[in-house]
Amino acid sequence: MREPRRYKVMIHNDDFTTMDFVVKVLREIFFLSDENAQALMLQVHHSNKAVVGVYTYDIAVSKAQKATNMARENGYPLRITIEPEDD
């Protein structure tokens, strides 16, 4: 039996979501350390998107929805997408 397919959760840069809020999302939803969250936020800022994590489909969708909801509740257009991991 093969492993279930895994999905990359991608976070995208925009001109409105604050860097502090992105770090907060990365810490609270994706459980990154403060140092890793800061580094990933800067990667997104400089290269327009970055992989936050790789998960099974249900977890990827759940985390993407939580992050998107948190952003909307705070008035940010932060975009989180999921895509299949390359086989």
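The values are calculated or read from the model by the stated rules, or taken from the named source; none is laboratory data. Since this is a predicted model, take the numbers as computed values, not measurements. A quick note on method: Cβ atoms are made from the backbone with ideal geometry, for glycine too, and the neighbour counts reach across all protein chains shown. Ligands, DNA and RNA are stripped out before the accessible areas are found, and what is left, the full protein with its side chains, is counted by its heavy atoms. Shrake-Rupley method; radii C 1.70, N 1.55, O 1.52, S 1.80 Å.
Things to note:
- Residue in region 78-86 that is surrounded by 15 or more Cβ atoms within 10 Å (Cβ to Cβ) and outside any strand (DSSP E or B) present: yes
This table checks each residue for (1) acidic (D, E); (2) free of Cβ contacts under 8 Å to residues at least 24 places away in the same chain.
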residue: D34; (1), (2): yes, yes
residue: L42; (1), (2): no, yes
residue: T56; (1), (2): no, no
residue: R72; (1), (2): no, yes
residue: E85; (1), (2): yes, no
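- Matching residues in region 43-61 - criterion: being open to solvent by 40 Å² or more (accessible area, probe 1.4 Å) and either in a helix (DSSP H, G or I) or within 12 Å of D14 (Cα to Cα) (or both): Q43, H45, H46, S47, N48, K49, Y57, D58, I59
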